[in-house]
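Working notes, beginning with the structure itself.
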Amino acid sequence: MSDTSTNPRRVPVGLGDRAYEVLIGPGLLARAGALLADVMPRRRTVVVTDATVAGLHGDTVLAAFAQAGVAARMIVLPPGEQTKSFEGLADLCDRLLAETLDRGDVITALGGGVIGDLTGFAAAIYKRGIDFVQLPTTLLAQVDSAVGGKTAIDTPRGKNLIGAFHQPRRVLADIDVLATLPVRELRAGYAEVLKYGLLGDRAFFEGLESRGPDVVAGDPAALTWAVEHAVRMKAEIVAEDEREAGRRALLNLGHTFGHALEAETGFGGDLLHGEGVGAGMALAFRYSADRGHCSGQDADRAVRAIAAAGLPTTLAEIPGAPFRVETLISHMRQDKKAEGGDITLILARAIGETWVEKAVAPGPLADFLAREGAI
Ligand code: NAD
Ligand code: GLY
């Protein structure tokens, strides 16, 4: 057994009496019971997962709980974004009630961002709040959604519009589970890894320029390094600004453009969230250069790194292109960061230096989108 297998990396999320740790390394699901027993004093849990993850990793987790003397039952939901809905929430809450969980119990979320966001929100409202732990199984969930306490469901009016801040008690990011992840999902998660370098850490970005291909190829050492670095950055930002009053908004780099593209493609399998973020970050850097905030060299370098991971960087690569300028702008006005219909963007001065630009002037933005190929 390797050293990291017995000693996972530990990243603290410093939130006072709600502080918790993110454990990162291989083999963690197989030791989930032992690694979580201290936050499960009643020695029982319900594992919420989706059918794909249940088939691949469910038995490992149930065996690990049994080994540690934690009684665990499993609720299996359909995979896919549509599960993160009012209907999915009602179904999950009903099934949790049927398990007669009470406030002293702990729910386990085993899956990607869909399962983590839905289960976290159910935990936030179940009997006015119950503890939960996160066992993220996608790269995106390990570096972003499982850390920081944002939980939500979608409605027909948009994504993540109904939700709550509810921090997990612990997060186990098992690098081994990423071996079963389809490569397209791994690349989409990698967009969120690159995001950390681009938004605030040039040295990490430069590290990804050389180690990124290993990360995308699924090399466990490179993945452990990238996940730990990303989680440390996220933990630091969340500890400083849990409710997104300031710096946490930088984590939305590329998301306003990306959200518009996801809306155009129907928030489904045609464009994964991370793919939208990849294209959105490329657009954000090119727009920053276009407005004279950032050098063309840095914008080109950012775009090259995104493209090198096999992610889209232009509107023409997005299914359904060409898009109408007015429609894209209208989606951007509905983004959660918009204020009174004014568009907010995260813009760059350089790789690793970003800020929140409020009340973005729609005229120059429309001209830019037209130059990018929108009609
Ligand atoms: P997902 O949860 O839908 O997982 C993607 C697919 O991979 C699913 O089909 C799933 O069954 C499958 N899968 C998961 N783990 C697997 C594994 N180890 N092996 C094989 N298949 C596996 O998608 P996601 O990309 O993890 O998460 C996207 C969601 O996360 C969106 O709803 C987005 O809004 C949300 N999100 C939330 C935050 C936050 O801060 N809360 C941040 C970013 C994204
Ligand atoms: N994913 C953005 C955030 O957690 O703030």
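Only the coordinates and a few stated rules stand behind these numbers; no lab work does. Small disclaimer: the values here were computed from a predicted structure and weren't measured. We place every Cβ from the backbone using ideal geometry, glycine too, and count neighbours over all the protein chains shown.
Key figures
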{"read-out": "Mean separation of Cα contacts under 8 Å, 6 or more apart, over the residue count of region 97-182: relative contact order %", "value": "29 percent"}
{"read-out": "Per-residue HN-Hα couplings for region 16-21 [Karplus 6.51, -1.76, 1.60; θ = phi - 60°; Hz; x = Gly/Pro]", "value": "x, 6, 10, 5, 8, 10"}
{"read-out": "Mean projection area, nm², convex hull over Cα of region 94-243", "value": "9.7 nm²"}
{"read-out": "Acute angle (nearest 10 degrees) that the helix 362-371 long axis makes with the longest principal axis of the chain, alpha-carbon atoms", "value": "90 degrees"}
{"read-out": "Average Cα contact separation per residue, region 1-73, under 8 Å, 6 or more apart, as relative contact order %", "value": "30 percent"}
{"read-out": "Pairwise centroid distance, computed over Cα atoms, of region 239-317 with region 164-191, Å", "value": "19 Å"}
{"read-out": "Evaluated at q = 0.06, 0.11, 0.15 Å⁻¹: base-10 log I(q)/I(0), Debye formula over Cα of the chain", "value": "-0.21, -0.72, -1.32"}
{"read-out": "Three semi-axes of the equivalent ellipsoid, region 1-159, Cα gyration tensor, whole Å, largest first", "value": "23, 18, 16"}
{"read-out": "Separation in nanometres of the label points that stand 7 Å from Cα toward Cβ, at Ala245 and Asp102", "value": "3.7 nm"}
{"read-out": "Computed E for Asn7/Arg291 - FRET, C-beta separation, R0 45 angstrom, nearest 0.05", "value": "0.45"}
{"read-out": "Estimated FRET transfer efficiency when R0 is 35 angstrom, pair Arg157-Ala316 (beta carbons, to 0.05)", "value": "0.75"}
{"read-out": "For q = 0.19, 0.28 Å⁻¹, Debye-computed log10 I/I(0) when each Cα of region 19-81 counts as one equal scatterer", "value": "-0.74, -1.20"}
{"read-out": "Value of relative contact order over the chain, rounded to a whole percent, pairs C-alpha under 8 Å and six or more apart", "value": "14 percent"}
{"read-out": "Qualifying trypsin sites (Lys or Arg not before Pro) for region 7-68 [loop in DSSP, other Cβ within 10 Å: at most 12]", "value": "Arg42"}
{"read-out": "Fraction in percent of alpha-carbon pairs per bin - 5 Å, region 183-287", "value": "3, 13, 21, 23, 21, 15, 6, 0"}
{"read-out": "Integer Hz, Karplus 6.51/-1.76/1.60 couplings in order for region 319-331, x for Gly and Pro", "value": "x, x, 5, x, 9, 7, 4, 4, 5, 4, 5, 5, 4"}
